[in-house]
Amino acid sequence: MTRRPGKFAIIFVFITVFLDMVGFGIVMPVLPRLIEQVSGANLAGATIWGGWLFFAYGGMQFLFGPAIGNLSDAVGRRPVLLLSVFGLAVDYLLTGFAPNMTWLFVGRVFAGICGASYTTANAFLADITKPEDRARMFGMMGAAFGLGFVIGPAIGGLLGSFGPRVPFFVAAGLSILNFIYGLLVLPETLAPENRRPFSLARSNPIGALKVFAKYHGVVPLSAVMFLYFLATSVYPAIWAFWGIAAFGWSEATIGLTLAAFGLITAVVQGGLMGPVVKLMGEFNTAVFGLVMAVVVLVGYGLAPGLLTVLVLLVLHAPEGFVHPALTAIMSHQAPADAQGEIQGGIASLQSIGMLLGTLLFAQVFGWFMQPNAIITSPSVGYFLAAIMLAGTLAFFLTLRSERSVTPQ
């Protein structure tokens with residue numbers, strides 16, 4: 001039976017998305033020590049393992065995101081959302097008790113599949129919201145998503161001081177409480193007559209990329225977007241490991257720096273994006289963001305200590321202009337009835353870029369931290385990413401003269 005959800009059901013959906021992102025962020029500060037503890041590897045070896053763990057998590061999100069959304073179209077939103085929340089609790093317990101790397105991978109696979117509930121949460125909100133109110137509701141969903149990224153690393157870092165497994169037990173408890181809350185307040189919002197059979201064809205995550213070939217000028221822009229995601233994935237791949245190797249950071253310091261970065265980026269992107277685009281135009285805003293991205297990557301590579309890193313975190317914030325500015329430019333190349341397709345394609349690009357990038361930079365960090373490496377440094381990944389983004393910037397500037405990319 002379907003019924004109109006009350007405010008408590010909507011709160012449950014926001015909490016679910018928030019906890020999904022907390023689950024991603026909570027891992028980052030404690031992952032180096034947990035991998036060292038479970039695998040017996042040194043920091044360089046732990047980084048390589050960490051890259052594969054992020055690959056497992058991101059790969060499951062990429063593969064199962066469309067499938068989870070299609071499943072909710074077939075059986076309804078309530079069972080899929082509840083199953084996702086319960087699955088996250090199972091993941092946290094698996095990770096917290098993991099005796100070896102196999103169980104860590106099992107936990108990350110569970111987390112990736114269950115963390116793909118974002119699509120179902122959006123579908124739930126679309127079911128219950130008038131079309132003219134959906135942008136506001138999705139904006140609130142984005143705020144919950146961003147807040148989870150800020151709070152997740154902070155929780156992971158602070159609780160990690162009591163041991164690398166403690167944050168996972170706390171997250172498991174929160175997920176179980178949220179599951180019970182959802183059982184009590186969450187209704188079904190998809191009426192039986194609006195459901196459709198599950199389709200593997202519609203669940204193909206690669207198919208979303210085909211949209212870029214349909215519209216003139218989008219393919220070069222999609223290449224810029226992909227390279228941007230690929231290069232900036234250096235941060236989730238090595239930030240925690242780099243902080244330990246370069247400065248001896250504790251889990252708390254790692255978590256607080258990540259939380260500070262998320263908060264600064266949210267404030268700058270949310271408060272300044274509109275005025276900057278109005279002043280500079282979308283094309284020049286993207287150029288400015290890419291330039292700052294290259295500068296801070298080199299800065300992190302040369303940073304002598306925490307104070308310099310904190311200054312760079314502030315300078316890093318304009319990089320957050322790149323994604324929305326490029327998205328806006330790409331949206332101009334497609335008609336109004338294809339905007340959803342374009343956004344789906346961009347989401348797939350982001351997933352693939354982050355997947356490949358986190359794996360690449362984790363391996364680079366591990367290679368150049370080995371005693372027999374040609375150069376032994378924890379910062380090589382940042383310099384490599386800076387070179388990649390500098391090349392991306394140069395390519396993007398060549399598009400200025402293209403008729404398909406008109407500076408705003």
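Each value in this text was obtained by applying a stated rule to the coordinates, not by laboratory testing. A quick note: this is a predicted structure, and the numbers were derived from the prediction, not measured. For neighbour counting, all protein chains shown are included, and Cβ atoms are generated from backbone atoms with ideal geometry for every residue, glycine included.
Amide H contacts of W249 (H built 1.01 Å from N, in plane; Pro and chain starts excluded): I244 sit under 5 Å, all sequence-distant by 5 or more or on other chains. Extension gain for the segment W103 to Q363, taken as residue separation times 0.36 nm less the Cα-Cα distance, is 91.5 nm to one decimal. Taking label positions 7 Å along the Cα-Cβ direction at both K130 and R196, the computed distance is 2.6 nm, reported to one decimal.
In this structure the amide hydrogen of E188, modeled in the peptide plane, comes within under 5 Å of the amide hydrogens of R3, none closer than 5 places in sequence on its chain. 3J(HN,Hα) along segment 48-53: 5, 4, x, x, 5, 5 Hz, from the Karplus curve 6.51 cos²θ - 1.76 cosθ + 1.60 with θ = phi - 60°, whole Hz, x for Gly and Pro. Between S233 and any residue 5 or more places off or on another chain, the built amide H atoms are never under 5 Å apart. Give me the one-decimal nm value for the distance between modelled label points at F247 and T398, 7 Å along each residue's Cα-to-Cβ direction. Using points 7 Å along Cα→Cβ, the separation is 3.8 nm.
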